[in-house]
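Asks: Quick one: this structure, given as structure tokens, is what I'll be asking you about.
The values are calculated or read from the model by the stated rules, or taken from the named source; none is laboratory data. Quantities reported herein were computed from a predicted structural model and do not represent experimental measurements. All Cβ positions, even for glycine, are placed from backbone atoms using ideal geometry, and neighbour counts span all protein chains on display. In case anyone asks, the SASA skips ligands and DNA or RNA and just uses the protein heavy atoms, side chains included. Shrake-Rupley method; radii C 1.70, N 1.55, O 1.52, S 1.80 Å.
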Amino acid sequence: MTELHDRALGAYLGLAIGDALGATVEFMLPREIAHHHGVHRDIVGGGWLKLTCGQVTDDTTMSLALGHALLEGGGPALARQADGDEALVRSIGDAYVRWFKSKPVDCGNTCRRGIMRLMHEGTLQGPFNPGDGGNGALMRNLPSVLATLGDDAAFQRLSLAQARLTHHHPLSDAATLGLGQLLGLLLNGADHSTCQRWVAQWVTDNPAFSFTPYRGRASAYVVDTVQTVLHFFKRHEDFETALVATVNQGEDADTTGALVGMLAGARCGAANLPQRWLNRLQPEVVRSITEQTSGLLTLAQNLKEFDHDPPCLL
Ligand code: MN
Ligand code: MN
């Protein structure tokens, strides 16, 4: 396995680990977690969704739906999407509708509203909505990053298109692009100080997400989510320490956990993920993630090679 492949797999598996770990304490406050769990550090299921041990939620399963649509469309569809063709975006929308109809264990309000609009109106985005500032578009964007790695214009176009299927809000857009770019840096092996500098500059450019001093809010509002994710990702270099600290902050713990797991997993690589957590994930989820990671990286490779060639050669 190449270093890039190991980092990409680490990010995707890290996302699922963070989701499964955090879901147990989703919507709890830190003091309630401390009262019921002491320090929550094991994947045990339960929580308000009454999950089985190791079960993941919408954060992982919507990512898999996006990844599936990208792989089905293949390289030509991705290249056309980068040129403004909307067929791939429509097929991603179809994948979200199929996901919704499969009765997922949970679905956020903004995602539900957007998917209902897709089903009933067929439009690929709704109008700007001040209520769309949730983290649902951000939480599922990892496959876009993998599929377009090395092509920033394609990354931006695809990320915004998949995000706007359900969320139309400048803070959701900014967060989706920002964490995606940070993930891209990590996948390319950027060192600690490069990432720290990048985050500092990004927060200067996007001051709504400033996280020092950390306010301690970890709700599904995308500002709270990003502040929590960057705070704990920056504070702890070790995957396990970062993830335990994040989910014990509670509130939208499966999503903050998923996103810290994604970034910290890219940083350490799949080979360094804690085995006791990996062993708890559902085998079919691990299999899908492993297959998608290879496929999506191949898409990115093809996109780079075919970039600037006339579409007829695809
Ligand atoms: Mn969830
Ligand atoms: Mn959540």
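Asks: Using the Karplus equation 6.51 cos²θ - 1.76 cosθ + 1.60 (θ = phi - 60°), what ³J(HN,Hα) coupling, rounded to whole Hz, does each residue of the range 212-225 give in order, writing x for Gly and Pro?
Replies: 10, x, 5, 7, x, 9, 10, 6, 7, 5, 4, 5, 4, 4
Asks: Moving on. Using alpha carbons only, how many degrees (0 to 90, rounded to 10) separate the axis of helix 87-101 from the longest principal axis of the chain?
Replies: Computed tilt is about 40 degrees.
Asks: If you don't mind, there's one more thing I want to ask. In the range 161-312, with Lys and Arg counted as +1 and Asp and Glu as -1 at Cβ, which of these residues, 283, 219, 166, has the Cα nearest the positive end of the dipole, that is, farthest along it?
Replies: The residue sitting most towards the positive pole is 219.
Asks: If 96, 221, 214 are ordered by their accessible area, calculated over protein heavy atoms with a 1.4 Å probe, which sequence runs from highest to lowest?
Replies: Details: 96 0, 221 105, 214 50 Å².
These residues rank, largest area first, as 221, 214, 96.
Asks: Continuing with the same structure: When a/c is below 1.5 the answer is rounded, else prolate if a/b is larger than b/c, else oblate, so apply that to the range 114-159 with a ≥ b ≥ c taken from the square roots of the Cα gyration tensor eigenvalues. The partial results should precede the final answer.
Replies: Values: a/c = 2.32, a/b = 1.85, b/c = 1.25.
It is prolate, given that a/c is not under 1.5 and a/b is the larger ratio.
Asks: A further question on this structure: Considering only 136, 108, 96, whose Cα is most displaced toward the positive end of the charge dipole of the range 33-153, charges sitting on Cβ of Lys, Arg (+1) and Asp, Glu (-1)?
Replies: 108
Asks: Given the options 78, 40, 12, identify the residue whose Cα lies farthest towards the positive end of the charge dipole of the chain (+1 on Cβ of Lys, Arg; -1 on Cβ of Asp, Glu).
Replies: Of the options given, the answer is 40.
Asks: Nearest 10 degrees, 0 to 90: what angle lies between the long axis of helix 192-205 and the longest principal axis of the chain (Cα atoms)?
Replies: Rounded to the nearest ten degrees, it is 80.
Asks: Taking the Cα atoms only, what angle lies between the long axis of helix 253-268 and the longest principal axis of the chain, rounded to 10 degrees?
Replies: It is inclined by approximately 70 degrees.
Asks: Please give the charge dipole size of the range 180-314, origin at the Cα centre, charges +1 on K and R Cβ atoms and -1 on D and E Cβ atoms. Round to the nearest 20 debye.
Replies: Details: 10 positive and 14 negative charges, 76 e Å.
Rounded to the nearest 20 debye, it is 360 debye.
Asks: Using the crude model of +1 on Lys and Arg Cβ and -1 on Asp and Glu Cβ, and no other charge, please compute the dipole size for the range 3-308 relative to its Cα centre, in debye to 20. Could you put the intermediate results ahead of the total?
Replies: Working: 25 positive and 32 negative charges, 110 e Å.
Computed about the Cα centre, the dipole is about 520 debye.
Asks: Just read off the accessible area of residue 107 with the full protein assembly in place, 1.4 Å probe, to the nearest 10 Å².
Replies: 20 Å²
Asks: With every protein chain left in place and a probe of 1.4 Å, what is the accessible surface of residue 288, to the nearest 10 Å²?
Replies: For residue 288, solvent-accessible area is about 40 Å².
Asks: By a straight-distance test (C-alpha under 24 Å), which lysines pair with residue 103 as possible cross-link partners, with residues fewer than eight away in the same chain excluded?
Replies: Reachable lysines: 50.
Asks: Within the P(r) computed for the range 107-239, what percentage of the Cα pairs occupies the region above 16 Å?
Replies: Numbers: 5574 of 8778 pairs.
For the range 107-239, the fraction of Cα-Cα distances above 16 Å is 63 percent.
Asks: While we're on this one: Solvent-accessible area per residue for the chain at a 1.4 Å probe radius, Å²? Intermediate values should be presented prior to the final figure.
Replies: On the way: 12830 Å² over 314 residues.
Each residue of the chain exposes 41 Å² on average to a 1.4 Å probe.
Asks: Please state the charge dipole magnitude for the range 31-152, taken about the Cα centre, from unit charges on C-beta atoms (+1 on K and R, -1 on D and E), reported in debye and rounded to the nearest 20.
Replies: On the way: 12 positive and 14 negative charges, 112 e Å.
It works out to roughly 540 debye.
Asks: Rounded to the nearest 500, what is the chain's calculated 222 nm mean residue ellipticity when only DSSP H runs of at least 4 contribute -39500 (n - 2.57) each, over all residues? Can you show the working numbers first?
Replies: On the way: 14 runs with 200 residues, N = 314.
Helix-only estimate at 222 nm: -20500 deg cm²/dmol.
Asks: What are the equivalent ellipsoid semi-axes of the range 57-185, built from the alpha-carbon gyration tensor (square roots of five times its eigenvalues), in whole angstrom, biggest first?
Replies: Details: eigenvalues 80, 53, 40 Å².
Calculated on Cα positions only, the semi-axes equal 20, 16, 14 Å.
Asks: At 1.4 Å probe size, with the rest of the protein present, what percent of the exposed accessible area of the chain is carbon and sulfur atoms?
Replies: Numbers: 6800 of 12830 Å².
The C+S portion of the solvent-accessible surface of the chain is 53 percent.
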